[in-house]
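A short write-up of the structure that comes next.
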């Protein structure tokens, strides 16, 4: 629960207790489905075919094996979670060598394994950490935890739903556990499980709507009043700001995360927990090394480590679109913190859905939005001081004492109703108003080129895309509002590279910053996906750059990921390039891609 105890003193959630609780709930789920005859009959034949070394054809023994694997999946599925994961997953990442090692042991492509799962699987496949798993089918356990590789072609999807779905053992445990310590519970775990009918590939089907409705409402309330309470989000924002500065200072990063900085080896991961991280941050704040951090990160480190500052919070509402205003370049004060909740939109506003089927319903009934059935009780007043998350609004934290020019400009932007745009312009959200995909347009030809770039370089991509459009060339890229945030971006990026015939990377200082600062973001995923395509066969890759050679040559894994001996560079820096220079660079890029693509297809046909 991160820092929820700042708002709820009784809030308690140890990872160890939650892991045991999840395993216990998984036992209840499996037992319930066994008793109903809804688990085993369809799954056991598939398990015997997919994992013959563990499932041999004896029904009783195979049921026991399935239960054992499901229990272990519940126990270990969060093993790779970082401390204060809401923050550190944007700072830390597994070393590329660790990703490759896990990929080799599991057979899962590097780009398909999420950072959390890299750490989880590294522990599970370690020769020294988990010797008791010698009798376990690690391939099946890997599938249950990650969904990969799916050698059953979706036939075991109901088992995955029990580990990671709308109503899985993990959610059942943490929702009722956390609610018990904070807002109070409505119903019990047993009341929900007692109405479980079966799981299919889509999710759970229940016999009664009331217990599961209580569960979903409780989860939504936990997010809105506990996990996303201003006290909790303030501490998380302060921690994130401090760690961003530490990550960018090599010596400080090594003191906090280990010898590899924010790219963690398995030993670094195992040594990092909430207590050790908090202690190391406190020690750093008391040393001269803290002075190397930028002013904003240094201020955040002082606050996180105990220096008292009185802060207030309030919400900024979106501007009236009938009279839009431009976002001026306003310098943000170093003591200002704000939260757009861009990484939390889905948990807040999509609490999940299940289906209901019983004797009075011939077919499974689908979900109905809560506001359509709960009447006025779902409505609430929203004011600038409300503490509940408000859709599309920004939560601002400002200190009581504000001095200096930056605060004066901030106050003016607030008065002029420009602050919303100013803050959003500092959030990684982009708006695209030109064609992002020409692959299926009539008259467009050539290899499908996937464009990998940082959102801040969208203006340069627009110029490149306009030249590709003039030539009726096939290209595509992702730049939606939530690209780079959460699992959708991860999936989009990996799939984008997988479906491409070639790739173009627009290298830049923004691209490098996004790669190093967001280890679970879309750029890192695209780099790993491109690396895998190159390793598995001929895959044309061209590098253009928005910035100068010196600014980009040392920031990306040229050799490790792409096999280049040195940073490649094609054409001149494009950020300030003339139209003729853009044209020349695009022409040269297309010649290189077409030549490489023809060579690869020709050799394949030969």
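Please verify whether residue 127 is more than 27 Å from residue 248 (Cα to Cα), in a loop (DSSP other than H, G, I, E, B) and either in the same structural domain as residue 244 (by the TED database) or out of contact with any helix residue (DSSP H, G or I) (no Cβ under 7 Å at 6 or more places or on another chain) (or both), treating the condition exactly as stated.
yes
Report yes if some residue within the stretch 230-237 is surrounded by fewer than 19 Cβ atoms within 10 Å (Cβ to Cβ) and modelled with pLDDT of 95 or more; otherwise report no.
There is no residue in the stretch 230-237 that is surrounded by fewer than 19 Cβ atoms within 10 Å (Cβ to Cβ) and modelled with pLDDT of 95 or more.
Of the conditions (1) closer than 23 Å to residue 234 by Cβ; (2) modelled with pLDDT of 90 or more, residue 385 satisfies every one except a single condition; which number is it?
(2)
Only one of (1) at pLDDT 90 or above; (2) surrounded by 14 or more Cβ atoms within 10 Å (Cβ to Cβ) fails for residue 282. Which number is that?
Single failed check for residue 282: (2).
Considering only the stretch 477-494, I want to know if a residue exists there that is part of a helix (DSSP H, G or I) and at pLDDT 90 or above.
Scanning the stretch 477-494, I find no residue that is part of a helix (DSSP H, G or I) and at pLDDT 90 or above, so the answer is no.
Yes or no: the stretch 179-190 includes at least one residue that is assigned by the TED database to the domain that holds residue 279 and closer than 17 Å to residue 7 by Cβ. Give the steps one after another, and end with the answer.
Quick first cut of the stretch 179-190, residues assigned by the TED database to the domain that holds residue 279 only: none.
Within the stretch 179-190 (the criterion being assigned by the TED database to the domain that holds residue 279 and closer than 17 Å to residue 7 by Cβ), the answer is no, since none of the residues qualifies.
Would you confirm whether or not the stretch 142-149 contains a residue that is under 19 Å from the mean Cα position of the chain (by Cα), part of a loop (DSSP other than H, G, I, E, B) and not assigned by the TED database to the domain that holds residue 239?
Yes: the stretch 142-149 contains one or more residues that are under 19 Å from the mean Cα position of the chain (by Cα), part of a loop (DSSP other than H, G, I, E, B) and not assigned by the TED database to the domain that holds residue 239.
I'm trying to understand the selection: among the residues of the stretch 41-67, which are surrounded by 16 or more Cβ atoms within 10 Å (Cβ to Cβ) and in a helix (DSSP H, G or I)?
Once the filter is applied, which keeps residues that are surrounded by 16 or more Cβ atoms within 10 Å (Cβ to Cβ) and in a helix (DSSP H, G or I), the stretch 41-67 yields 43, 44, 46, 47, 50, 62, 63, 65, 66, 67.
Being under 17 Å from residue 170 (Cβ atoms) and within 28 Å of the chain's Cα centre (by Cα): is that true of residue 4 here?
Spelling it out, it is not the case that residue 4 is under 17 Å from residue 170 (Cβ atoms) and within 28 Å of the chain's Cα centre (by Cα).
Condition test on residue 521, is it modelled with pLDDT under 85 and either surrounded by 19 or more Cβ atoms within 10 Å (Cβ to Cβ) or over 12 Å from the mean Cα position of the chain (by Cα) (or both)?
It is true that residue 521 is modelled with pLDDT under 85 and either surrounded by 19 or more Cβ atoms within 10 Å (Cβ to Cβ) or over 12 Å from the mean Cα position of the chain (by Cα) (or both).
Can you tell me which of (1) assigned to a loop (DSSP other than H, G, I, E, B); (2) touching a strand residue (DSSP E or B) at 6+ places or on another chain (Cβ under 9 Å); (3) crowded, with 19+ Cβ neighbours inside 10 Å is the one residue 38 doesn't meet?
Here residue 38 clears every test but (3).
Surrounded by fewer than 17 Cβ atoms within 10 Å (Cβ to Cβ) and either outside any loop (DSSP other than H, G, I, E, B) or at pLDDT 85 or above (or both), is that true of residue 594?
yes
Given the conditions (1) farther than 21 Å from residue 110 by Cα; (2) modelled with pLDDT of 90 or more; (3) touching a strand residue (DSSP E or B) at 6+ places or on another chain (Cβ under 7 Å); (4) in a helix (DSSP H, G or I), report the number of the one that residue 530 does not fulfil.
Of the numbered conditions (1) farther than 21 Å from residue 110 by Cα; (2) modelled with pLDDT of 90 or more; (3) touching a strand residue (DSSP E or B) at 6+ places or on another chain (Cβ under 7 Å); (4) in a helix (DSSP H, G or I), the odd one out for residue 530 is (1).
What number goes with the only condition from (1) modelled with pLDDT under 85; (2) part of a helix (DSSP H, G or I) that residue 428 does not pass?
(2)
Are any of the residues in the stretch 54-67 in contact with a strand residue (DSSP E or B) (Cβ under 8 Å, 6 or more places away or on another chain) and touching a residue at least 24 places away in the same chain (Cβ under 8 Å)?
Checking the stretch 54-67: not a single residue is in contact with a strand residue (DSSP E or B) (Cβ under 8 Å, 6 or more places away or on another chain) and touching a residue at least 24 places away in the same chain (Cβ under 8 Å).
A quick yes/no check of all residues on (1) in contact with a helix residue (DSSP H, G or I) (Cβ under 7 Å, 6 or more places away or on another chain); (2) assigned by the TED database to the domain that holds residue 174; (3) at pLDDT 90 or above:
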position	(1), (2), (3)
220	no, yes, no
246	yes, no, yes
249	yes, no, yes
254	no, no, yes
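The values are calculated or read from the model by the stated rules, or taken from the named source; none is laboratory data. Given the structure is predicted, the values throughout are model-derived calculations rather than measurements. Backbone-built Cβ (ideal geometry, glycine too); neighbour counts: all protein chains shown.
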